[in-house]
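Colleague: The structure follows.
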Amino acid sequence: MKFIFRIVGILLFAFMIFNCSDNRCNEEVDVLLKAEIIVNDPILTNAGFLETLSIYSPAWTDSVHYSSANFMLELSPFADTTVFVFTSQAWKDTVKIFYERDLVYLSQECGFVTYYKIDSTRYTSTIDSLVWVNKKLTTLTDGHVKIYF
Amino acid sequence: MDMLRYIFSILLFFVFSFQLMAQKTDEKKKDGWEITGIKIGMDVGRFSNFLFKPEQTSYAGSLDVGFNNKYFIIAEAGYSEINLDRDNYNYISDGTFYKIGLDYNMLKKYPTDFLGAGFRFAYSTLEHSANNIRFESEHWGSYYTEKESETNQTMWLEASFGLKGEIFKNVYFGWSAIIKVRFYGGTDDKFQPYDIPGFGKAANSISIGANYFIYYQIPFNRK
């Protein structure tokens, strides 16, 4: 009988040890696009283009003012296209980004995130060029685009 | 925490090993191959899920046929169901696993008990999906989506070392330490299974664990 009690006791202890787990999400879950703005046009530079730059998407209810040339953007997780509008004083430009989305199960604790792979980009006239440094956006690697004005 | 588990498993192994060593029995040497026992087993370790892992329901059973109480052909099968209801998603999975292999008894003097090693070939298949996946963004607002059902198949090999002792007439308790090495499937970059039935956490290609079984030996050819 003692033997059985010992088995039961040891089993219960083992069950407790085997089943303890931490339910907190300790991983990075943000999937971001790093945008870098380079202003080469002297007219824009003299007019203080960068200092008064605001960015928004038509789908947003707000806009963001960035005082620095580097900032992070979030692509829409609901659509395969995101439009960003860059405004500064009288200038208004649009960047339209086309991409593929992947729904990824990161972990039990963190749940799902959306990864992006950039397909193509369209932009309007004040923007001189747009260069993709990294077209894949994951939790481990930010996307990276350089926008030249 | 993993280290504690391994230390505990090793300690448990020695505790039961000494129990078996302490028994005195007499066995007559047998000539030729003779079926010395057929055991039907149930994995009782899985019942801890009711208390500690309520999202998972799993059952497993085994059948082993012993020859001269030295060699055993083992077949195991099990079922696992997961319903993980989190704040930002609901994960659903159900699957089965099958194992076949051999055990070798290193005890020479004891007619019914077992202390030895074995190996298994294992196969598992599962279907999993997710719904009510919620995304929240400062700019984009809230959004719900779902992940359609996907099938995942896994194969792995197991090596085990353990024991079985008769606690009542024809009723055995067995414990074994197992190392599992996955060699096929089980991974998916986009939709990694939460748990592979019979294997454990899908994120690891090597899994170390322990089994606790209760067996009933069919009174057949028993001396």
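The values are calculated or read from the model by the stated rules, or taken from the named source; none is laboratory data. Nothing here was measured: the structure is a model prediction, and the numbers come from that model. Note that each Cβ is placed from the backbone with ideal geometry, even for glycine, and that neighbours are counted across all protein chains shown.
Colleague: Can you name every residue in the stretch B:144-168 that is among the aromatic types (F, W, Y) and buried (at least 20 other Cβ atoms within 10 Å of the Cβ)?
Modeller: B:W156 - this is the single residue of the stretch B:144-168 that is among the aromatic types (F, W, Y) and buried (at least 20 other Cβ atoms within 10 Å of the Cβ).
Colleague: Still on this structure, I have one more. Out of the stretch A:64-98, which residues are over 18 Å from A:Y148 (Cα atoms), part of a loop (DSSP other than H, G, I, E, B) and aromatic (F, W, Y)?
Modeller: Within the stretch A:64-98, just A:F78 meets the criteria.
Colleague: Among what's in the stretch A:41-60 and is within 24 Å of the chain's Cα centre (by Cα) and of a type in the set (A, V, I, L, M), pick the residue that is nearest to the other protein chains (Cβ to nearest Cβ).
Modeller: A:A59
Colleague: Just one of (1) within 21 Å of A:K136 (Cβ to Cβ); (2) at pLDDT below 90 trips up A:R101, so point out which.
Modeller: (2)
Colleague: Look through the stretch B:72-91, keep the residues that are within 12 Å of chain A (Cβ to nearest Cβ) and in a strand (DSSP E or B), and return whichever of them is surrounded by the fewest Cβ atoms within 10 Å (Cβ to Cβ).
Modeller: B:D85
Colleague: Could you please find all residues in the stretch B:201-213 being surrounded by 16 or more Cβ atoms within 10 Å (Cβ to Cβ) and either outside any strand (DSSP E or B) or not hydroxyl-bearing (S, T, Y) (or both)?
Modeller: Within the stretch B:201-213, B:A202, B:G209, B:A210, B:N211, B:F213 qualify.
Colleague: Filter the stretch A:83-114 down to the residues that are within 9 Å of chain B (Cβ to nearest Cβ) and among the hydroxyl-bearing types (S, T, Y), then identify the one that is nearest to B:K201 (Cα to Cα).
Modeller: A:S107
Colleague: Under the condition of being out of contact with any Leu (no Cβ under 6 Å at 6 or more places or on another chain) and free of Cβ contacts under 8 Å to residues at least 40 places away in the same chain, which residue from the stretch B:53-63 is farthest from B:W175 (Cα to Cα)?
Modeller: Checked the stretch B:53-63; the qualifying residue farthest from B:W175 (Cα to Cα) is B:P54.
Colleague: Could I ask something else about it? Of the residues A:V83, A:V64, which is at pLDDT 90 or above and over 30 Å from B:S129 (Cβ atoms)?
Modeller: After ruling out the rest, the residue left standing is A:V83.
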